[in-house]
1. Do we find that residue 38 is under 28 Å from residue 191 (Cα atoms), surrounded by fewer than 16 Cβ atoms within 10 Å (Cβ to Cβ) and over 15 Å from the mean Cα position of the chain (by Cα) in this structure?
2. Which condition from (1) more than 16 Å from the ligand (Cβ to nearest atom); (2) in a loop (DSSP other than H, G, I, E, B); (3) at pLDDT below 95 is the one that residue 111 breaks?
3. Report the residue count in the range 236-276 for those that are surrounded by fewer than 18 Cβ atoms within 10 Å (Cβ to Cβ) and in a loop (DSSP other than H, G, I, E, B).
4. Quick check on residue 127: is it more than 27 Å from residue 50 (Cβ to Cβ) and buried (at least 24 other Cβ atoms within 10 Å of the Cβ)?
5. Determine if the range 216-234 includes at least one residue that is touching a helix residue (DSSP H, G or I) at 6+ places or on another chain (Cβ under 7 Å), without any contact (Cβ under 8 Å) to a residue 40 or more places away in the chain and closer than 22 Å to residue 116 by Cβ.
6. Return the pair list, or none, for Cβ contacts closer than 8 Å from residues in the range 114-137 that are more than 12 Å from residue 161 (Cα to Cα) to residues that are part of a helix (DSSP H, G or I) and more than 13 Å from the ligand (Cβ to nearest atom), at least 6 apart or on different chains.
7. Could you pull out the residue among 209, 224 that is surrounded by fewer than 16 Cβ atoms within 10 Å (Cβ to Cβ), at pLDDT below 95 and in the same structural domain as residue 119 (by TED's automatic domain parsing)?
8. I need a count of the residues in the range 40-50 that are in a helix (DSSP H, G or I) and touching a residue at least 24 places away in the same chain (Cβ under 8 Å).
Ligand code: ATR
């Protein structure tokens with residue numbers, strides 16, 4: 001029987017996941033379909049119950065349901081539980097099990113685009129919102145312990161550090177403090193919304209003093225590079241834009257649902273084609 005996957009969110013029409021997954025399912029000859037569902041907060045419980053009885057095989061969860069869905073699932077993976085957000089549900093022996101592939105996808109992309117062993121990297125995360133939390137906890141869970149967090153509101157960065165359940169050697173910094181010590185980091189990850197279209201000339205911190213050869217990633221995906229990445233490249237860094245996280249979180253979900261590794265390069269092309 002044809003398998004059914006999908007994504008639930010509010011709004012949902014902007015989601016690129018349907019085209020990315022459907023192309024991949026097609027190319028790999030997997031008899032399945034991925035559909036976007038517009039689900040409002042008050043309908044979330046009914047929607048999950050409905051998907052369960054209708055035999056849905058798995059789905060993604062996007063804004064604003066990533067946290068609210070947790071109590072509605074049968075089981076939640078410990079990393080997703082710690083992050084407090086689920087973006088992927090897999091039907092396992094009839095049960096709905098929640099995972100977070102945002103952080104894992106991002107770490108997988110670093111391994112692919114940069115290096116496999118990240119354990120010794122002195123890392124700076126800029127921003128302390130939901131995406132930063134997923135990346136921070138995932139890095140710690142994989143043994144990358146030296147991770148500092150810089151944020152406009154330093155207390156939010158402190159909260160992330162104090163509440164994390166892993167082993168960490170982390171400091172909370174102001175954006176100014178991060179700028180002053182930028183040369184000591186080999187991996188820098190930009191997670192704030194600054195630099196997103198149309199505000200493409202803004203950047204949360206200056207990268208002057210960056211060590212050439214550092215790896216700098218920005219989770220924003222604009223068709224052009226962000227100011228942050230342009231500056232990083234000028235100082236001799238290797239750069240990665242937000243297409244990586246977008247595609248790898250989807251690739252990990254795809255693999256969990258189908259037990260088949262998708263073609264990540266083709267998934268990137270699909271998204272690039274959609275975004276122009
Ligand atoms: P997401 O879930 O996408 O990570 P979020 O939870 O809204 O989004 O987090 C947004 C991040 O961008 C936060 O780190 C926020 O800083 P504050 O905690 O100080 O709000 C950061 N951010 C957003 N606008 C900013 C701005 N104009 N200057 C500096 N930081 C900003």
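1. Working: under 28 Å from residue 191 (Cα atoms): yes; surrounded by fewer than 16 Cβ atoms within 10 Å (Cβ to Cβ): yes; over 15 Å from the mean Cα position of the chain (by Cα): yes.
In short, yes.
2. The single condition residue 111 does not satisfy is (2).
3. Qualifying residue count, the range 236-276: 6.
4. Details: more than 27 Å from residue 50 (Cβ to Cβ): yes; buried (at least 24 other Cβ atoms within 10 Å of the Cβ): yes.
Spelling it out, residue 127 is indeed more than 27 Å from residue 50 (Cβ to Cβ) and buried (at least 24 other Cβ atoms within 10 Å of the Cβ).
5. Checked against the condition, which is being touching a helix residue (DSSP H, G or I) at 6+ places or on another chain (Cβ under 7 Å), without any contact (Cβ under 8 Å) to a residue 40 or more places away in the chain and closer than 22 Å to residue 116 by Cβ, the range 216-234 yields at least one hit.
6. Final answer for the pair search is 118/107; 118/110; 118/111; 118/139; 122/184; 123/139; 124/182; 135/107.
7. Numbers: 209 fails: at pLDDT below 95.
Just one listed residue meets the conditions, 224.
8. Residues of the range 40-50 in a helix (DSSP H, G or I): 41-50.
Narrowing further to those that are touching a residue at least 24 places away in the same chain (Cβ under 8 Å): 41, 44-45, 47-48.
So the count comes out to 5.
The values are calculated or read from the model by the stated rules, or taken from the named source; none is laboratory data. Since we're looking at a predicted model, the values are computed, not measured. Glycine also receives a Cβ, built like all others from the backbone with ideal geometry; neighbour counts cover every protein chain displayed.
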